[in-house]
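Structure provided below as structure tokens; questions to follow.
The values are calculated or read from the model by the stated rules, or taken from the named source; none is laboratory data. Predicted model, so just to flag it, every value in this text is computed and none were measured. Neighbour counts run over all protein chains shown; Cβ positions are idealised from the backbone, glycine included. Accessible surface areas use protein heavy atoms only, side chains included; no ligands, DNA or RNA. Shrake-Rupley method; radii C 1.70, N 1.55, O 1.52, S 1.80 Å.
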Amino acid sequence: TMLVPWRIRAEKPPERALVRRNSAFGEVLMDQRDPPPRLAPLSLGEAIDGLRNSTMFSHCSEYHLRRVASRMQREEHPKGSLLMQQGDSQNKMFIVTQGTVKRIRYEYGRVHYTETLGATQSLNTLGALHLLRCEPTYATARCTTDVVVYSLTAQDLDELLDSPPLAKEVIFALTREIKRQSAMLRTPLLDQRPLAFPVVATSVAAGVESFYRSALNSWLNYSLTGRAAALFPNMHVQLPTRIVYINGFKGARQLISDRVDAEEYAWPDAVRLATACTPGLLMTPVSSILEACNAGHANPEPLALRWMRGLAPRAAREVIFGIGLNQLSDWCEERVPVADPMQRSFFGSLTAGIVCGYLSHVPHNLSTLKLLAPDKSYAQHMKDLVDNSYKRVPRTVPAPARRTVATALAFAFPRGLMVRTTQIAGSFCIINGVITAMARNGLAPGTSPVQAPAGAPRQ
């Protein structure tokens, strides 16, 4: 019985195989029985180079690389076009050889940028893992520049994999790719996209969280001033204001995300930073009203005037809060190694809250002290914070260094740090947790787990 040439080990092609040389892609081996290439010689060489860097064929021999490339088609796509749409049947795979492509996955109503692929990177393969059985496409692929790709159909792949040596090489490459895929959802912090804005769920979450926040705020003011106050003062003002406040953060993020594409600007990273900071700046006046409701016991000024005290450091605090509630919570949630959405939301929000609670404690303390004692300057308040830290300086510290240590404690470990961190972490968990729970149970329209949100682009 004669052996079919492609069933011989790829490292030792049959004697009847032709050896062709081309300066564009070096020496390759070709079986006489293989069909002629569909590509011109230069394109064939470009396709082979792309396959060497691909996920599925990265461990194939030169002989098999040429066989696969011979079945491929060259395609050109302009910037902004879609190569694949999430959920569609995967009937082609693509090797990117020129330009870059961004992969976008819609999951539980939220947009994730899984990774950017391009010709200059080893990550240049699209659709390989779902092509074998034409499964639904994992993520939408959008061209961020003009691109050149080489496509391979599912039918051609099936015919190629009839070769056991090639199939073995592909299996080995895919096992390595599966390990890499386990950590795919790694959207950069400022690239995080919002959950489709559910007003009802956000309002319910804000209403529940307003009581928690009011009680912790009163406790924090007590730790700073030593003066006790009611846990839930002016809730007729706090409750609706807090609902407007949290909806403002979520709604402003959604509005900006829908209308601003950072990639269209000369400095996209600066645009992303500016858009991340904007909700916090917009919500600073609303936050000031909430803070003023808890300060009536120490500042007798009317609420209409009291809310403006401590505005500058409060704006810095609100920027930190906004990025934490929105982008950082989503960033941390992506990295929680569990599948359950509620657990991911809780641990992601908890981590983001701890980080933001710590980073915001100095501007929060300054804004609170200025609100409670408006007659003092910020410099005087800072001096008071340092002076109050003296009693925490160990007695073993030499006298000349005590002021330096007290200053470090005032900034790094100030009074009320644990209360502030607990407040922010708890608020994040309550807000994001209630929204996730309502979305999971179908009570938050527009946040279903599989479908792309309304307005998702299609080719």
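Going through Ser367, Ser349, Ser345, Ser377 one at a time, which residue ends up being hydroxyl-bearing (Ser, Thr, Tyr), loosely packed, with under 14 Cβ neighbours inside 10 Å and at pLDDT 90 or above?
Exactly one of Ser367, Ser349, Ser345, Ser377 is hydroxyl-bearing (Ser, Thr, Tyr), loosely packed, with under 14 Cβ neighbours inside 10 Å and at pLDDT 90 or above, namely Ser377.
Of all residues in the range 368-401, how many are free of Cβ contacts under 8 Å to residues at least 12 places away in the same chain and not basic (Lys, Arg)?
Here the count works out to 11.
So, in the range 403-459, how many residues would count as being part of a loop (DSSP other than H, G, I, E, B), over 30 Å from Tyr390 (Cα atoms), open to solvent by less than 50 Å² (accessible area, probe 1.4 Å) and modelled with pLDDT of 65 or more?
Counting residues in the range 403-459 that are part of a loop (DSSP other than H, G, I, E, B), over 30 Å from Tyr390 (Cα atoms), open to solvent by less than 50 Å² (accessible area, probe 1.4 Å) and modelled with pLDDT of 65 or more gives 1.
How about the range 60-78: which of its residues are of a type outside the set (Lys, Arg) and in a loop (DSSP other than H, G, I, E, B)?
Cys60, Ser61, Ser70, Met72, Pro78
Please enumerate the residues belonging to the range 253-282 that are open to solvent by 70 Å² or more (accessible area, probe 1.4 Å) and either touching a Leu at 6+ places or on another chain (Cβ under 8 Å) or among the hydroxyl-bearing types (Ser, Thr, Tyr) (or both).
The answer is Tyr265, Asp269, Leu273.
Going by the conditions given, is Leu231 of a type outside the set (S, T, N, Q), open to solvent by 30 Å² or more (accessible area, probe 1.4 Å) and in contact with a Gly (Cβ under 8 Å, 6 or more places away or on another chain)?
Criteria not met by Leu231.
Just one of Leu239, Leu231, Leu273, Leu255 is outside any loop (DSSP other than H, G, I, E, B) and either small (Gly, Ala, Ser) or more than 19 Å from Ile435 (Cβ to Cβ) (or both); which is it?
Result: Leu273 is the single residue among Leu239, Leu231, Leu273, Leu255 that is outside any loop (DSSP other than H, G, I, E, B) and either small (Gly, Ala, Ser) or more than 19 Å from Ile435 (Cβ to Cβ) (or both).
What single numbered condition from (1) farther than 25 Å from Gly226 by Cα; (2) in a helix (DSSP H, G or I) fails to hold for Val336?
(2)
Now, a different point. Being over 30 Å from the mean Cα position of the chain (by Cα) and at negative phi, is that true of even one residue in the range 275-285?
No, the range 275-285 contains no residue that is over 30 Å from the mean Cα position of the chain (by Cα) and at negative phi.
A follow-up question, please. Using beta carbons and a limit of 8 Å, which pairs, at least six apart or on different chains, have the first residue in the range 284-312 and closer than 20 Å to Ala206 by Cα and the second one open to solvent by 60 Å² or more (accessible area, probe 1.4 Å) and outside any loop (DSSP other than H, G, I, E, B)?
Thr284/Leu311; Val286/Val244; Ser288/Leu311; Ile289/Leu303; Ala292/Leu303; Cys293/Leu303
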